[in-house]
Amino acid sequence: MSVIKEFTKGIVKENPVFVMALGLCPVLAVSSSVENAIGMGAAATFVLVFSNIFISLIKGFIPRKIRIPSYIVVIASFVTIVDMVMEAYVPALHKNLGLFIPLIVVNCIILGRAEAFAGKNNLIRSILDGFGMGLGFTLALIVIASIREILGAGQFLGYNVLPATFKPMLVAILAPGAFLVMGLLMGLMNLKKK
Amino acid sequence: MELLAKIFAMAIAAIFVQNFVLARFLGLCPYIGVSKKLDSALGMGMAVIFVMTMASTFTWLIQTYLLVPLKIEFLQTIAFILTIASLVQLVEMIIQKTAPALYKALGVFLPLITTNCAVLGVAILNINEEYTFIFAILNGLFAGLGFTLVLILMAGIRERLERAELPRTMRGMPIAMIVAGCMALAFLGFSGLKF
């Protein structure tokens, strides 16, 4: 029962983006289209799950004092793998996400989970936690990206979903739209909490 | 003269047109987290300018004289993040020994800079854009200045927002995001500046 909870908590109750406000840079930067959002979410989930697995396996060997640098090296290795695989198989997506793939290294969600969870828990729990958090991150990205893509381009995943009479609000897919949509969504989450 | 014009164009681009926070979405955590008070924003800004300039210098050297000759460019991410982490540690120790007053003012913010994506971001951008050594350093400096500028502007606005009457649900993070959105709109106006 409690094992299932490790998985589901990341999706709503401890959602890394909306509730804990972690990893905002990639969320705002790549949420201009749903396609980018799914790509970024998948990349981050992969790194999150594998670094959680690895860190939970080697946690006994790392001296406490140098744990943060060790975690960063583990995470950076998995990010490098993702970077190279994406460049080889999905070059267009890789180009769209650009700088934000290597920057997964400094995404606070991943180091945060390593420090707060994988460094203290066993393998099974760490995998579930990584999947849950990754899924929560991806879902948050998709929610923001859907709003921005529908309002800003009248499209969803590249297909027109609004009548031709709808004039796209360009600002939604430009930089300011990211901040405005995020602010309003956070306000909504607060409303629900009370 | 031409060089000077190039440097000027780069400064305008890095500070206003392609502002790291508002146009490139880098360094948002400290931008939202440390912008509640004006003096801490100033301290954070100074520390970031310093680390970004230093990081641009060292990562460029490492890329050009270590990674490229040895053909191990794929280790870029790992090498850069380690460089930045040790650099931040070094800077922290040097400031602590030589300028205790400054260390006290910056103290809390220094270790946080390692995970500021603007620092790793500028290092990778310098390599991707194939800047020369001098321009890489200058780009780091200007990007840091741009970050500090919006951080201080934001802190000024948020100090006033403290006393504003807001709906309870919008207090704190949500309104900070909306303010950032308005600032990004204003900075969008600079995108007409092309050199």
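The values are calculated or read from the model by the stated rules, or taken from the named source; none is laboratory data. If you're wondering where the values come from, they're calculated on a predicted model, not measured in any experiment. Note: ideal-geometry Cβ built from the backbone for every residue, glycine included; neighbour counts use all protein chains shown. In case anyone asks, the SASA skips ligands and DNA or RNA and just uses the protein heavy atoms, side chains included. Shrake-Rupley method; radii C 1.70, N 1.55, O 1.52, S 1.80 Å.
Here are a few things to note about the model shown:
- All-pairs Cα distance distribution in chain A, expressed in whole percent, bin size 10 Å: 9, 34, 33, 18, 5, 1, 0
- Karplus-derived 3J(HN,Hα) values for the range B:12-25, using 6.51 cos²θ - 1.76 cosθ + 1.60 with θ = phi - 60°, are 4, 5, 6, 7, 10, 5, 10, 3, 4, 7, 8, 10, 9, 6 Hz; glycine and proline are entered as x.
- Relative to the dominant Cα principal axis of chain B, helix B:76-98 is inclined by about 70°.
- Shielding by other protein chains, B:25-34, mean Cβ within 10 Å: 5
- Total formal charge among the other residues, if their Cβ is under 10 angstrom from that of A:Gly130, Lys/Arg +1 and Asp/Glu -1: 0
- Taking only the C-alpha atoms of chain B, the Rg (one decimal) and the largest Cα-Cα distance, Dmax (whole number), read 17.7, 60 Å.
- Counts of other chain beta carbons within 10 angstrom of each beta carbon in peptide A:180-186 average 6.
- Packing-based ranking, highest mean first, of B:46-55, B:8-17, B:113-122 given that Cβ atoms within 10 Å are counted: B:113-122, B:46-55, B:8-17
- Ignoring aspartates and glutamates fewer than eight residues from A:Lys59 along the same chain, the ones with Cα atoms less than 12 angstrom from its Cα are A:Glu115.
- Our summary gives chain A a relative contact order of 36 percent, counting only alpha carbon pairs under 8 angstrom and 6 or more residues apart.
- Unsatisfied cross-links (Cα-Cα over 30 Å) in the set A:Lys167/B:Lys6; A:Lys120/B:Lys36; A:Lys13/B:Lys104; A:Lys13/B:Lys36: A:Lys167/B:Lys6; A:Lys120/B:Lys36; A:Lys13/B:Lys104
- When GluC sites (Glu not before Pro) are flagged only if DSSP places them in a loop and at most 15 other Cβ atoms lie within 10 Å, the longest unflagged stretch of chain B comes out as B:1-128.
- Cross-link partners of A:Lys5 among aspartates and glutamates, defined as those whose alpha carbon lies under 16 angstrom from its own and excluding same-chain residues fewer than eight positions apart: A:Glu14, A:Asp129.
- Centre-to-centre, using Cα atoms only, the range A:129-166 and the range A:48-83 are separated by 31 Å.
- Positive contributions from Lys and Arg (+1) and negative ones from Asp and Glu (-1), summed over other residues with Cβ under 10 Å from the Cβ of B:Ala176, come out at +3.
- Contact order for chain B, expressed relative to its length and based on alpha carbon pairs under 8 Å spaced 6+ residues apart, stands at 42 percent.
- Helix-derived mean residue ellipticity, 222 nm - over chain A, DSSP H n ≥ 4, -39500 (n - 2.57), to 500: -21500 deg cm²/dmol
- Residues A:Ser77, A:Ser31, B:Ser86 ordered from highest to lowest accessible area at a 1.4 Å probe: B:Ser86, A:Ser77, A:Ser31.
- With a Förster radius of 22 Å applied to the C-beta separation of A:Met20 and A:Lys120, the computed FRET efficiency comes to 0.80.
- Annotation: per residue accessible area for the range A:14-78 equals 38 Å², rounded to a whole number [probe 1.4 Å, protein chains only].
- The range B:94-195: trypsin sites (Lys or Arg not before Pro) in DSSP loop, at most 13 other beta carbons within 10 Å: B:Arg163, B:Lys194
- Partner chain coverage, peptide A:63-74 - average Cβ within 10 angstrom: 2
- With the simple spin-label model, which puts each label point 7 Å out from Cα in the Cβ direction, the B:Leu112 to A:Lys193 separation comes to 1.9 nm.
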